[in-house]
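Read the structure below first, then the notes.
The values are calculated or read from the model by the stated rules, or taken from the named source; none is laboratory data. Because the structure is a prediction, the values reported are computed rather than measured. For neighbour counting, all protein chains shown are included, and Cβ atoms are generated from backbone atoms with ideal geometry for every residue, glycine included. We work out accessible area using only protein heavy atoms, side chains counted, and drop any ligands, DNA or RNA first. Shrake-Rupley method; radii C 1.70, N 1.55, O 1.52, S 1.80 Å.
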Amino acid sequence: GLISLAEGKAEFSGSHLWDPETDTYNTAYVRRLLPGKRTALLCLAYRRQGLILPPGNPAHISGLADLTQPGVLFINRQSGSGTRVWLDATLRQEGIEAASINGYSNQVSTHTAVATAVAEGQANVGFGLEASSLTFGLTFLPLVSERYDLVIPEDNFQNPALQNLASWLNSSSAQEFIATIGGYDPRSSGEIIWVES
C-alpha cells in the first residue's frame with residue numbers, strides 16, 4: 001500500500017507496520033517510503049493479533065517458542081504484510097530460527113485464510129487477528145495490540161470522503177461500534193498524527 005502511494009497509484013493506504021527499532025507503528029515506514037511528503041496517519045483502531053489455535057488448544061501452545069515443537073504445523077502470512085513484519089522481527093528478538101518452525105514457508109494472504117487453515121486442520125497454529133479467530137470459534141492467544149492507520153498524503157487529506165471518515169471516527173457512535181467488534185479497541189480511533197518526512 002505504501003509503495004502504491006509512493007508511485008502515485010493510490011490516494012491513501014491502510015498500514016500496520018511495526019518498527020522494532022523505535023517500537024512504533026507506521027511512522028518509520030512512512031518516512032522511509034514517502035520522503036518529502038507531509039502525511040497524516042489517521043487511526044482506525046487498535047487490533048489484537050496473536051496465535052490462532054484449534055478450540056481448546058490441544059497442543060498446549062503458550063507462545064512463539066512452542067512453534068518449534070514436534071507435531072506443530074504452522075500457517076504463515078505472506079512476506080511483506082504488516083503481520084509478517086511483526087512476526088519475523090519478534091522471532092529474531094526471541095532468538096527463534098524461522099527454519100525451525102514446521103510450516104513457516106506455508107503462506108496465505110489474509111487473516112481469514114490463516115483461521116480457515118486452522119479450522120480445517122491444515123495447520124494447528126497460525127498468527128493473525130483475534131477477529132478472524134472469533135469468526136471460526138477458535139482459541140486465541142493474544143501477543144500484540146497493533147495500531148492500524150490510514151496513511152494519507154497531505155495533498156489528498158482534504159478529500160471530502162476522507163474528511164467524513166475522520167469525523168465519524170472521532171464520534172462516540174463510531175467508537176461504540178468499533179468496541180463491539182471482537183479484537184478491536186477504539187482507544188485512538190480518529191486520532192491524527194502528522195509525519196514530516
query = Only one of Gly103, Gly126 is open to solvent by less than 20 Å² (accessible area, probe 1.4 Å), in contact (Cβ under 8 Å) with a residue 60 or more places away in the chain, touching a Phe, Trp or Tyr at 6+ places or on another chain (Cβ under 9 Å) and not polar (S, T, N, Q); which?
reply = Gly126
ask   = So Trp194 clears everything in (1) open to solvent by less than 30 Å² (accessible area, probe 1.4 Å); (2) touching a residue at least 24 places away in the same chain (Cβ under 8 Å); (3) not charged (D, E, K, R) except one condition, right? Which one?
value = (1)
query = Here are some conditions: (1) free of Cβ contacts under 8 Å to residues at least 40 places away in the same chain; (2) crowded, with 22+ Cβ neighbours inside 10 Å; (3) farther than 23 Å from Gly182 by Cα. His111 meets all but one. Which one does it not meet?
reply = (3)
task = Would you please list the contacts, defined by Cβ atoms under 8 Å and residues six or more apart or on different chains, that run from a residue in region 30-48 that is over 28 Å from Phe177 (Cα atoms) and of a type outside the set (A, V, I, L, M, F, W, C) to a residue that is open to solvent by less than 10 Å² (accessible area, probe 1.4 Å) and assigned to a strand (DSSP E or B)?
result = Arg31/Val195; Arg38/Val195
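Kindly establish whether Ser188 is touching a Lys or Arg at 6+ places or on another chain (Cβ under 9 Å), more than 19 Å from Leu53 (Cβ to Cβ) and outside any strand (DSSP E or B). Give the derivation first.
Numbers: touching a Lys or Arg at 6+ places or on another chain (Cβ under 9 Å): yes; more than 19 Å from Leu53 (Cβ to Cβ): yes; outside any strand (DSSP E or B): yes.
Yes; evaluated as a whole, the condition is true for this residue.
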request  = Scan region 51-73 residue by residue and report those that are of a type in the set (Ser, Thr, Tyr) and either assigned to a loop (DSSP other than H, G, I, E, B) or in contact with a Phe, Trp or Tyr (Cβ under 8 Å, 6 or more places away or on another chain) (or both).
outcome  = Ser62
task = Please state which one of Thr139, Thr112, Thr116 is within 14 Å of the chain's Cα centre (by Cα) and at pLDDT 95 or above.
result = Thr112
